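Each reported figure results from applying straightforward, stated rules to the coordinates on display, with no laboratory input. Just so you know, these numbers come straight off a predicted model, no measurement behind them. Because the Cβ atoms are built from the backbone with ideal geometry, glycine has one as well, and the counts that use them run over all protein chains shown.
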Amino acid sequence: MARKLEGKVAIVTGASAGIGEATAIALAAEGAKVAIAARRSGHLNAVAERIKNSGGQAFPIVADVANEIQARDIVERTKAEFSCVDILVNNAGVAYQGEIDGANTSELESIPTQM
Ligand SMILES: NC(=O)c1ccc[n+]([C@@H]2O[C@H](COP(=O)([O-])OP(=O)(O)OC[C@H]3O[C@@H](n4cnc5c(N)ncnc54)[C@H](OP(=O)(O)O)[C@@H]3O)[C@@H](O)[C@H]2O)c1
């Protein structure tokens, strides 16, 4: 049976863990070529290997989506690798744990690297 996303190209940001990792694996299982982006190269490469070992196509891109140049680079590098972009899963993000009342702008803008 034909897979639903055969020939499609997807970008998944925040694909080194959690929902993004699971989404990238699911898209690849349906036939999509997936560009996976996050900051932690080790985690990202492990996800890419997992997808490739299952017969899928994955292209890891180490990038911080909070940096506009790096965010744009994810798209450009994906187009260079896979020719186009059909799907964007803009998943990268963190949960802010503090009180909004009294938070300052730099706290809200900072995105700590996970361990
Ligand atoms: N899980 C929930 O219950 C829930 C609820 C509401 C909303 N969400 C949202 O759903 C998304 C995924 O959640 P999750 O639970 O899967 O989170 P997670 O397990 O903490 O994963 C977050 C992913 O985002 C990446 N990331 C974070 N900041 C980044 C940055 N600046 N640039 C590039 N990648 C970045 C992380 O990779 P690196 O650290 O390697 O960069 C990681 O791959 C997040 O946006 C979260 O806010 C989740």
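What does the convex hull of the Cα atoms of the stretch 1-108 come to per residue, in Å³, rounded to a whole number? Working shown, then result.
Values: hull volume 11.3 nm³, N = 108.
So the per-residue hull volume is 105 Å³.
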Q | Nearby aspartates and glutamates by direct alpha-carbon distance to Lys4 (threshold 16 angstrom, same-chain neighbours under 8 apart not counted) | A | Glu30, Asp86
Q | Inter-label distance for Glu107 and Arg50, nm, one decimal - labels placed 7 Å from Cα along Cα-to-Cβ | A | 3.3
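Under 8 Å for C-alpha pairs, at least 6 residues apart: give me the relative contact order for the chain, rounded to a whole percent.
Numbers: 187 pairs, mean separation 32.2, N = 115.
Averaging sequence separation for qualifying contacts and normalising by length gives 28 percent for the chain.
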Q) If each of Ala80 and Met1 carries a label point 7 Å out from its Cα toward its Cβ, how far apart are those two points in nm? A) 3.9
